[in-house]
1. Averaged over its residues, how many other protein chain Cβ atoms are within 10 Å of peptide B:309-319's Cβ atoms?
2. Roughly how far apart, in whole Å, are the Cα centres of the range A:120-170 and the range A:52-86?
3. If the viscosity is 0.890 mPa s and the temperature 25 °C, what Stokes-Einstein diffusion coefficient in µm²/s follows for the range A:176-248 when Rh is the Kirkwood radius over Cα pairs?
4. For the range C:195-247 and the range A:186-219, what is the separation of their C-alpha centers, rounded to whole Å?
5. Give the dimensionless ratio obtained when the Cα radius of gyration of the range A:95-164 is divided by 2.2 N^0.38 Å.
6. Taking N as the number of residues in chain C, what value does Rg over Cα atoms divided by 2.2 N^0.38 Å take?
7. For the protein assembly as shown, give the percent of accessible area contributed by carbon and sulfur heavy atoms, probe 1.4 Å, rounded to a whole number.
8. Ignore the peptide's own chain and count Cβ atoms of other chains within 10 Å of each Cβ in A:128-140; give me the average, rounded.
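The values are calculated or read from the model by the stated rules, or taken from the named source; none is laboratory data. All figures in this text were calculated on a predicted structure; none of them were measured in a lab. Because the Cβ atoms are built from the backbone with ideal geometry, glycine has one as well, and the counts that use them run over all protein chains shown. Please note that ligands, DNA and RNA were not included when accessible areas were found on the heavy atoms of the full protein model with its side chains. Shrake-Rupley method; radii C 1.70, N 1.55, O 1.52, S 1.80 Å.
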Amino acid sequence: MSERSEQGLRTEGLTKAFGGVVALDGASVAFRQGQVNALIGPNGSGKTTFFNCVTGMIRADSGRTVYHGRNITRAAPHAIAHAGIGRTFQLCRVFPRMSALDNVLAAVRPVGLLGRLRGARNRAEVDRARGWLTRLGIEHLVDVEARNMSWGQQKLLELAGVLMGDPETVLLDEPAGGVNPALLDRIGGLVRELNAEGRTFVIVEHNMDLVMSISDHIVVFDRGRPIAEGPPSVIRSDERVLGAYLGV
Amino acid sequence: MPSASDPATTSAARRPAVTPARAARGVLLLLVVVAALSFPSLAPNPYVLSAGILVLNYALLSTSWNFVGGFTGYISLGHGALAGLGAYGTGLLVTKAGLPSFLALLVAALVVAALAVPIGYAALRVRGASFVIVSIALVLVLLLVFQSWASFTGGSRGLTVPRPFPDLLRPEHHRVFWFLFAGLLALALLVWWLIDRSRFGLGLKAIREDEDKAESLGIPTFAYKLVVFVVSAGFTAAAGGLYALWFGDLDPVFQFSILTGSYLVLMALLGGVRSLFGPLLGALVVGTALEYFKVEYGSTPLHLVATGLLLAVVVLFMPDGVLPAVAAGIDRFRPAQQSIREVTAAELREQRAGGAAAETELAGARPGGAPATKEGA
Amino acid sequence: MTSGALIFQSVILGLLLGGLYALLASGLTLYFGIMRVVMIAHSAFLILAAYLAWWSQTRLGVDPLLSLVVTVPLFFAAGVLLQRGLLSRLRPATLTMMSVLLTFAIAVIIEGLLGYAFTGTQRRIQLGYGTANLELLGARIAVVKLIAFGLAVAALLTLYLLLKRTTFGWALRATIQHPDAARLVGIDTNRVAGYGFGIGLATAAVGGTALALDTTIYPSLHWHWIGPLMAIIVVGGLGSVPGAAAAAMVLGLTQSLLQIPLNTTWAQTIFYLALFATLAFRPQGFFGGRLAQRF
Ligand SMILES: Nc1ncnc2c1ncn2[C@@H]1O[C@H](COP(=O)(O)OP(=O)(O)OP(=O)(O)O)[C@@H](O)[C@H]1O
Ligand SMILES: [Mg+2]
């Protein structure tokens, strides 16, 4: 292994089957630390399952996940979050009956008994949470319960919550799914900004314009494993990618 | 609910000045305290006082239940058994080990809290149904054990617990215990309130909303659930112990009754599991009704039918409780409540005036403000 | 009686009991598979069926086995109504918890109504063949126990064929394993779920009748049954019908054998021990049950 692979997130031979369906088939991927990575592939190629295995939400049948040289394959999801990997869900998950503010504050990670008993709505954290809400443009919804928000607003709120946890690596599962074009641009811009501030991104996305415009490095999945990777210019003209998408 | 008053200064962290709602709440709290303190002198006879203690006991148990049920959304039908363990633990420590009454109560509560660790481990390790299954199984198995192990527990003959204050006359005895129960209830409410506003509490509520999501945000869900279950078990057992010292006579059939557990659930659900005083209110209603019907009609199978029907109605039609349902009803008539959305809309207009184009687009994406239909849901 | 014969008798009795457990647990497993519902009222319906069998025998003079002609369709309809009319109305987010409360409420209502209609007095069916025994290698087996076992086996076999050999069974299994996919291939999962509940309750009708043959019944008896049944479906691996059947046989046998050195009540605690141990050390159960991962 080169020393580069000790930096950042990589997987070795991740495999996961649901009954007879092999969702991940020995997926070995190394993402570029400090860059915007995209993970693309046709529907059902295992991208979401890959995220679920990496974040510990489901247990892979075999293979390992390594983050900064540390094996996190069997770690609990909250421990993986603490290690610095945050994620959003394809079907946007927020706490429906909590206000936007509480949704974001829930990502605070207190330590010790006293830290946990401290008021959730303390000044410093509320200001930080509002900061994220402002940055994502939903500051005016601070007291609105998440279930009363539109889809796009919920997606932004989910992202605000994830960012509140200050993840070094952010996994986004279809951030542009079902949002309007204006919001799409904002999300794209935001990803670039946050990346410039030092966060690594791995983005699963079907919107090729967005993928090509914001990513530095693209990994293409087909049938549970990577079939190609490289910069957008290379991927754009790769025949295997075309084949996978057209089902050849 | 903090209402968004002035957009420039609103912050949930900054305490708003005394609002009418806050003042009303303060007055209400004061009234409750005064009522609690004066009830023993107002009660016309010892019987009413002892009935009041029973209701207070229910309020305490139901509030203790609400540590788990309210914060995490995990519903236990087995808290009757935890109370029974506390009661028997206290009784046995007094009679067999000769411990002073209240030390016995404390030790029993701590022992039950410790026991709650392995129980909670089995119940909470996997998500969902296993918790309910364990809670029911706990009642059933403890009933078996305490009935069968007659040499130790007295079996079906029951266990007599000596009174802590042998010199006191009956009315005085009730009076003292009224205040003891009220004190313990106040403590439970205080702890619930502290957790409710804490980071720990927010984590628990996140678990209630979406456990996977909470975990992925970094909340150690299993540990959180276990801790709050242990706290709940401790308070429940203490309540059971206090009951043992007050009532002085324990019978496994009543101590390990699944019906008791379901009363607690009913009370909490009825009053509203998300609010501090919900279970207390529910206990006042259900507990009083229970006592009333017992006196008027004796114990008939129709009690079961009524309990079942009431539970079914609450579950089907007002799972959030009566208190929140009423509050929502009142809100509909109060113009101030709509301010959340109207102020938001005003803010939006301001932002549109001076904001970036993207933000205008975003505002356009909102479906005419948040959908108003969900308000009463 | 020699101790060898005693053990042999216990084994036979345990297997017979296990068969009945298997039938009753299969209903509970079905509900859980279909909707992730722990149906607390299952054993209350069981006792209700037992009372109906007793009632038709004492009041109408009809053999309990004949009463099945009425109770099975009746319970099937009740199951469909229960699922379509009540359980499917609950919010999916809180379904697991709220369905427990709702079915608990139904159990309590049934218990109360039984107490009201028949009082708390213990009842027992008196049958012509009720006291007959069969001698087998020194073991004495009551004929009614054999009949009960026969009923259970017949019902389980029917259930098996229904699930494996019919289009409906295919749809039901698809609904259990992957509801979304089932909907995609055109299965009306709501209707299938309703019928699934109907079948579950129909097993309670058969089980209750079998139970009534040689058991003394009283309204609160269902609490005595729900614990062991829950233990069985957990040990078997929630959602797995064959798993539940295997666990039922093993636990029924163990209980029966434990009754030799211990008394009946203590022997019963084996179910709870097995339940706690399974959840603490092997929550996915011991006999397969792929669903367990998802519960
Ligand atoms: N919990 C599950 N149970 C059974 N099968 C599953 C489960 N999750 C995923 N699968 C299957 O695994 C395969 C991969 O699914 P996955 O969701 O990972 O694909 P994806 O690449 O994210 O697709 P999409 O682009 O549509 O989101 C699919 O065939 C899917 O049906
Ligand atoms: Mg996906």
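1. Details: counts 5, 1, 7, 9, 1, 4, 13, 8, 1, 0, 6.
Average per residue, whole number: 5.
2. Here the two parts' Cα centres lie 25 Å apart.
3. Working: Rh = 13.3 Å.
In µm²/s, the coefficient is 184.
4. 55
5. Numbers: Rg = 11.8 Å, N = 70, 2.2 N^0.38 = 11.1 Å.
In units of the globular-protein estimate, the range A:95-164 measures up at 1.07.
6. Numbers: Rg = 18.8 Å, N = 295, 2.2 N^0.38 = 19.1 Å.
With N residues counted in chain C, Rg over 2.2 N^0.38 Å equals 0.99.
7. On the way: 24260 of 38010 Å².
C and S atoms contribute 64 percent here.
8. Details: counts 0, 2, 4, 0, 0, 0, 0, 0, 1, 8, 3, 3, 14.
That works out to 3 on average.
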